[in-house]
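Engineer: Take a look at the following structure, please.
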Amino acid sequence: NLDTAAMNGAAPSQPPQKFVTFDDIPDVSKQQPFSGTLRLESPPEQVSVPQYKREEFIGSAPPGGACLAMEPPKLDQIKKWTVTNYKFTKQLVSEKFGHSTKTVDKEIDDRISDLRVSKVQYSNMLKEARAMYTRYEALLTSHRNLRSQFQTMIAHAPELQDQLQANATTQSILEKNGEGLLGTFKVFVDTLNTLVNITMQDTLYTIKNYENARIEYDAYRNEIGALQNAVQTDSNKNKLLELQVVFEDRKQKWEKLKDDTHTKMNLLNENKLMVMRQQLDMFNSAVIAYFSGNGDRLSEVLSEYHIKAQKFSEEDASTKSFLSRSE
């Protein structure tokens, strides 16, 4: 029938579908209950996992590639860190909007403000000194190249031999003096860089810690004041006792950092005055000697301050200065 239908172009008939009725479902209630013995498969052999001590895994992977979960941080530490940061942020925002009082020490605050202004000024001086070093390095390269060209042309222009030799000698003197001046610039820039980016930055780091400690101190101080003015319930009294313990700890930390800040700023001022007086005198003497053409005086300045002339090879002459590369 399927072949006949296919030859006549008609669609082949599909076999009838069989539907399931309720009569086909067996009645479970008429079946006999199970009275045999239930047999279970024997349990699989237990795999023994080696036990390791916790100390063996600190900082390294356990042997055999085993992976053990790290011990979770203590909830008390997380809670303490969260509360401290919340109080810090709340106090800082309240101070910005004038909703909370802050401890003010006018003397140390004025000194901190002066230090920040001073750092900006010395940073600008360092920037200009680096730029001057780069320009004079390029000028020294021009003196060197021009002197070499004059000496080369002597063989090609014998009629100008005297004039070319005189110019080559002049450029050689300028080159020698320029190397001495450039050595002075290098010492000046290196000293300024140490003062600005190391000494001052270290003091400002201590000041930042002092300011953070002051904010924490004021946060607990204001909270204690609010609790003292509130209704004296048992809960508030217990909380007040806990806060007073933390408050004393923050107060000691703030006072210690305050003393450290005073000490570091005093040392910074002494060091800055001593170093900058020497460096400014050296810089001024070298510049005057160079532009007056007094090579002997320039040599004396280099010897007095133990400065080596900044000499460059021909390969260095075609590259940037070490200062421009460090930037």
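Each reported figure results from applying straightforward, stated rules to the coordinates on display, with no laboratory input. Since the structure is predicted, the reported quantities are computational estimates derived from the model, not experimental observations. We place every Cβ from the backbone using ideal geometry, glycine too, and count neighbours over all the protein chains shown.
Engineer: Convert each backbone phi in segment 122-132 into a coupling constant with the Karplus relation 6.51 cos²θ - 1.76 cosθ + 1.60 (shift: θ = phi - 60°), then list the ³J(HN,Hα) values in order as whole Hz, x for Gly and Pro.
Structural biologist: So the J values, rounded to whole Hz, are 5, 5, 5, 5, 4, 4, 5, 5, 5, 5, 5.
Engineer: With N set to the number of residues, divide the alpha-carbon radius of gyration of segment 74-169 by 2.2 N^0.38 Å and report two decimals.
Structural biologist: Compared with the compact-globule rule of thumb, segment 74-169 sits at 2.58.
Engineer: Using the per-residue mean of other Cβ atoms lying within 10 Å as a proxy for protection, in what order, highest first, do the peptides 224-232, 212-220, 122-130 fall?
Structural biologist: Result, highest mean Cβ count within 10 Å first: 212-220, 122-130, 224-232.
Engineer: Which of the lysines could be linked to residue 208 by a straight reach, that is with a Cα gap under 21 Å, when you skip same-chain ones fewer than 8 residues away?
Structural biologist: Once the sequence-local lysines are set aside, what remains near residue 208 is 87, 90, 96, 102, 106, 119, 251, 253, 256, 258, 264, 272.
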